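The values are calculated or read from the model by the stated rules, or taken from the named source; none is laboratory data. Keep in mind the model is a prediction, meaning the values are calculated, not measured. Note that each Cβ is placed from the backbone with ideal geometry, even for glycine, and that neighbours are counted across all protein chains shown.
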Amino acid sequence: MLTAKENFLKCLRGETPEWVPIYSMGMMFDGDNPPPDMLVEPLIISEHRVRGGGPDVWGVEYVPTESTSGALIPANDKFILDDITKWRDVIKAPDLSGVDWEKMCREDIERRKLDRSKTTVCMNLHMGYFQTLMSFMGFTNGLCAMYEEPEEVKALFEYLCDFYCTVAEKYVDHCKPDVWTMMDDTAAWANPFISPAMYREFLIPLYIRQAKFGRDRGLPISMHNCGKCEGFLDDLVKIGVTMWDPAQTCNDLVGIKKKYGNKLVIAGGWDAQGRILQDDVTYEEIYESVKKQMDLLAPGGGYCFLGGFLANKGDENVVKKNAMLYKAYNALCRNYY
């Protein structure tokens, strides 16, 4: 029998796995077993997340949110850039001379206590260019900048990409990841924040540069994009993306699976909404919600389960519901194929 890591990677290669894999992003898993996958990010970029908040590499202040178990968001009263034409005066990449990349990578891996024979290492650099612009300026000013000063926004994005690609060059071959991961949340539940034309104009050239590190090493490439982002998938598949998460149910997931087959792995396809959110939800109801989505998306492969409940840290109901959710997944996944 394959390990969870081997089974997951088999799915990402476009093959039918032995059972329905799970993609956990290292956050939710059976405490008795190692996580099937883990995000690894260079500490020079991700230190604010390790600390649980504070300024990021660009000086944006991040704060934890109680209702999402401590997930970090930019402080909404401390945006650092008011005028996109002045970005060169404000946004300064840190000096990378003297960084011990091998040591940083070793410590990043050791901190997560990974057994690489059992856990898939997914290397990520940052949370996305679109998201970073919004963290600098806020959504109103950030979106206006894209319309009013597109060349300045592109120049800023290229500057950010130069920095991230430099970090990748120094770090990736020490890390030796199993999966190359990219992220950028460019959509809300009902609609994307920008048009497909703007997506291609502003963001795809950056993703191409970043994806090259995975392509050159023969790695599967994953893309994290929440919300209704189905209109962007053609462009992502063209640049080599082989897995998309969290594949929320506001998208036409059945149509997407029919269109791409196992060429694009759907990781997700389950959302905590409606009756499932209630505190008195039963195991049987959660089980049926997972089974319904597996039956829609898992036949023939090309699917990984991804899901979970978020609430205040220590919320006993959420702990209970997550336990039921993963019990349901484990009951269904092993004998699916």
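Does residue 126 qualify as being within 23 Å of residue 22 (Cα to Cα) and either among the hydroxyl-bearing types (Ser, Thr, Tyr) or touching a residue at least 12 places away in the same chain (Cβ under 8 Å) (or both)?
yes
Out of everything in the stretch 262-289 that is small (Gly, Ala, Ser) and crowded, with 17+ Cβ neighbours inside 10 Å, what residue ends up being modelled with the lowest pLDDT?
272
Mind checking whether some residue in the stretch 253-261 is under 16 Å from the mean Cα position of the chain (by Cα), crowded, with 22+ Cβ neighbours inside 10 Å and within 22 Å of residue 185 (Cα to Cα)?
The answer is no; no qualifying residue exists.
As an exercise: evaluate residue 156 against (1) touching a helix residue (DSSP H, G or I) at 6+ places or on another chain (Cβ under 8 Å); (2) at pLDDT 95 or above; (3) under 24 Å from residue 242 (Cβ atoms) and give the number of the one condition it does not meet.
(3)
When you look at residue 159, is it of a type in the set (Phe, Trp, Tyr), within 17 Å of the chain's Cα centre (by Cα) and in a helix (DSSP H, G or I), yes or no?
Judged against the criteria, residue 159 is not a match.
Does residue 87 satisfy the condition of being outside any strand (DSSP E or B), farther than 30 Å from residue 291 by Cβ and of a type in the set (Phe, Trp, Tyr)?
Here the answer is yes, as residue 87 does meet what is asked.
Tally up the residues in the stretch 281-314 that are in a helix (DSSP H, G or I) and not β-branched (Val, Ile, Thr), please.
Residues in the stretch 281-314 being in a helix (DSSP H, G or I) and not β-branched (Val, Ile, Thr): 13 in total.
For residue 213, indicate whether it is outside any loop (DSSP other than H, G, I, E, B), of a type outside the set (S, T, N, Q), surrounded by 18 or more Cβ atoms within 10 Å (Cβ to Cβ) and without any contact (Cβ under 8 Å) to a residue 60 or more places away in the chain.
Taking the combined requirement at face value, the residue satisfies it.
Would a scan of the stretch 105-118 turn up a residue that is under 19 Å from the mean Cα position of the chain (by Cα) and assigned to a strand (DSSP E or B)?
For the stretch 105-118, residues under 19 Å from the mean Cα position of the chain (by Cα) and assigned to a strand (DSSP E or B): absent.
Please state which one of 310, 253 is hydrophobic (A, V, I, L, M, F, W, C) and at pLDDT 95 or above.
That would be 253, the only listed residue that is hydrophobic (A, V, I, L, M, F, W, C) and at pLDDT 95 or above.
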